[in-house]
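Below: one structure, written as structure tokens.
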Amino acid sequence: MKINFFSSQPYDITFFEQVNNHYQHELIFHEYPLNEDTVDLVKDTSCICVFVNDKLTASVLEKLFKKGIRLIALRCAGFNNVDLITADKLGITVVRVPAYSPESVAEHTIGLMLSLSRHIHRAYNRVRESNFSLNGLLGFELHHATVGIIGTGQIGTALAKILKGFGSHIIACDPKPSDECILLGVDYVDFKTLCQKADVISLHCPLTPETQHLINHKSLNDMKQGVMIINTSRGAVIDTEAVINSLKNKHIGYLGLDVYEQEENLFFQDLSDQIISDDLFERLLTFPNVLITGHQAFFTKQALTNIAKTTLTNIQRFENNIECLHCCHI
Ligand code: NAI
């Protein structure tokens, strides 16, 4: 099948071409994203492969349908960037990669937690400047800390398993509690209780209308003084302005982000020669207790291989009229 890729990076080309030796699809890579501005460039293909910041709105989908697109293969887990209701009405199949390596994201989450709790990001810079002072680097231990996990699906569960090894007290909220987490000894509580009790809060729910700005002025008010918040799920689960306010009044003690509400204008590009016009993002960077990575939690060799394998298998099954395994449902 001919597949047009959008938002392609050199590593997408490397991993997909390697895995495609087995499938022999025709792969065409475009560096630019798919959105209202670029949809007119799509031609001569019935399948497209997109990533987290491609915008598949109703009007983009309608144009794609008219161009003959019948399959959209997301090479990621989240599907908040696709208007599934319109896709369903048009009869466009949308597939994704539900679990390519939950451990990749869980381990990165731990990386953010430990970097912040032990100020490793600051220590790195200090030592390079021959500043060996420990003042300001006093840490705290995850051992016996109460860690609240919001969303105990694949990634939240992988995180709970790692935290169990640290000896943390794990609490969680999820409308569908996981049996595996219950067996691990995770205590399920409601969202408000989690906010009140946790020393560290880690977000692992999808972005939906219910979870948009879940972390807002109200929920922040319920949280402990000095709380650590980690977001490796989707940027808009956090109300950035509310969080900046809580950082300014020292209510939030630590903030670790791998995702950001307006990340599509920033992430996955080298903007080091440019002036960044996003004032909220720039404000976040001024806090010494904020650590941001550019949506790299998934970025491991294992995960990229699994993403390519699952995506190309999804496409193969569609082409051969075999039941869809990883369809996105409304
Ligand atoms: P999953 O579907 O296995 O788990 C999500 C869990 O969240 C489910 O158990 C669901 O019941 C729960 N949930 C839904 N609404 C909730 C709410 N209001 N409160 C609490 N829990 C709620 O998804 P998975 O694979 O664990 O991924 C989670 C999210 O992580 C994805 O939706 C995606 O947005 C993000 N992600 C980020 C990556 C990164 O590189 N930073 C990579 C992969 C995923």
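Leaving ligands, DNA and RNA out of it, report the carbon-plus-sulfur percent of the accessible area of the range 102-292 at a 1.4 Å probe.
Reported share for carbon and sulfur atoms: 52 percent.
Could you list the square roots of 5 times each eigenvalue of the Cα gyration tensor of the range 20-113, that is, the equivalent ellipsoid semi-axes, sorted largest first and rounded to whole Å? Before the final figure, lay out the partial values.
Details: eigenvalues 134, 55, 34 Å².
Its equivalent ellipsoid spans semi-axes of 26, 17, 13 Å.
Between Gly148 and residues 5 or more places away or on another chain, which pairs have amide H atoms under 5 Å apart, with H built 1.01 Å from N, and which residues are they?
HN-HN under 5 Å from Gly148: Ile171, Asp199, Val200, Ile201, Ser202.
Would you mind calculating the gained length between Leu184 and Gln269 on full extension (0.36 nm times residue separation, minus the Cα-Cα distance), in nm to one decimal?
Gain in length upon complete extension: 26.6 nm.
Kirkwood Rh over Cα pairs of the range 261-329 into Stokes-Einstein at 37 °C, 0.692 mPa s: D in µm²/s?
In µm²/s, the coefficient is 210.
Add -39500 (n - 2.57) for each DSSP H run of 4 or more in the chain, then divide by its residues: what number comes out at 222 nm, to the nearest 500 deg cm²/dmol?
On the way: 12 runs with 119 residues, N = 330.
Calculated mean residue ellipticity at 222 nm is -10500 deg cm²/dmol.
Before I look further, what does the range 215-302 give for accessible area per residue, probe 1.4 Å, in whole square angstrom?
With the other protein chains kept in place, the range 215-302 gives 49 Å² per residue.
Suppose every Lys and Arg Cβ carries +1 and every Asp and Glu Cβ carries -1, with no other charges. What dipole size does the chain come out with about its Cα centre, to the nearest 20 debye?
560 debye
So what are the three principal axis dimensions of the range 182-282 from its Cα atoms, in whole Å, longest to shortest?
48, 31, 24
What ranking, highest mean first, results for peptides 64-75, 292-303 when packing means the other Cβ atoms within 10 Å averaged over each residue?
64-75, 292-303
Straight-line reach from Lys218: which aspartates and glutamates have a Cα under 13 Å away, not including same-chain ones fewer than 8 places off?
Partners found: Asp239, Glu241.
Quickly rank 198-205, 124-131, 169-176, 106-113 as a protection proxy: mean count of other C-beta atoms within 10 Å, highest first.
In descending order of packing, they fall as 198-205, 106-113, 169-176, 124-131.
Around Leu74, what is the net charge, scoring Lys/Arg as +1 and Asp/Glu as -1 over all other residues with Cβ under 10 Å from its Cβ?
Around Leu74, the charge tally is +1.
So what's the gap between the Cα centers of the range 1-52 and the range 197-253, to the nearest angstrom?
A separation of 35 Å, based on Cα centres.
Take Thr38 and Glu323, extend 7 Å from each Cα along the Cα→Cβ direction, and tell me the distance between the two endpoints in nm.
3.5 nm
Obtain the nm distance between the two label points defined at Thr305 and Tyr11 by a simple spin-label model: each point lies 7 Å from its Cα along the Cα-to-C-beta direction.
Inter-label distance under the simple model: 1.5 nm.
Take the alpha-carbon positions of the range 1-65, form their convex hull, and give its projected area averaged over all directions (one quarter of the hull surface) in nm².
Convex hull of Cα atoms, orientation-averaged projection: 4.3 nm².
Report the normalised scattering of the range 89-215 as log10 I(q)/I(0) at q = 0.09, 0.18, 0.21 Å⁻¹, calculated by the Debye formula with identical scatterers on the alpha carbons.
Debye curve over Cα of the range 89-215, log10 I(q)/I(0) at q = 0.09, 0.18, 0.21 Å⁻¹: -0.33, -0.98, -1.20.
Which number do you get for Rg(Cα) / (2.2 N^0.38 Å) in the range 102-292?
Its radius of gyration relative to the 2.2 N^0.38 Å reference: 1.02.
Once you place label points 7 Å from the Cα toward the Cβ at Gln225 and Phe166, how far apart are they in nm?
The two pseudo-label positions are separated by 2.3 nm.
Which is farthest toward the positive dipole end of the chain among Val105, His213, Val259, measuring Cα position about the Cα centre, with Cβ charges +1 (Lys, Arg) and -1 (Asp, Glu)?
Val105
How big is D, in µm² s⁻¹, for the chain by Stokes-Einstein at 10 °C and 1.306 mPa s if Rh is the Kirkwood radius over C-alpha pairs?
Working: Rh = 21.1 Å.
Roughly 75 µm²/s, to the nearest whole number.
Ignoring ligands, DNA and RNA, what accessible area per residue does the range 34-86 give at 1.4 Å, in Å²? Display every interim value, and only then the final one.
Numbers: 2080 Å² over 53 residues.
Normalised by residue count, the accessible surface of the range 34-86 is 39 Å².
How many angstrom separate the Cα center of the range 53-83 from the Cα center of the range 291-310?
First find each Cα centre; the distance between them is then 21 Å.
Go through the cysteines of the chain and tell me which have no other cysteine Cβ under 4.7 Å away.
Cys47, Cys49, Cys76, Cys173, Cys181, Cys195, Cys205, Cys328, each lacking another Cys Cβ under 4.7 Å.
The values are calculated or read from the model by the stated rules, or taken from the named source; none is laboratory data. Note that the structure is a prediction, hence the values are computed from the model and not measured. A quick note on method: Cβ atoms are made from the backbone with ideal geometry, for glycine too, and the neighbour counts reach across all protein chains shown. Ligands, DNA and RNA are excluded from the accessible area calculation, which covers all protein heavy atoms including side chains. Shrake-Rupley method; radii C 1.70, N 1.55, O 1.52, S 1.80 Å.
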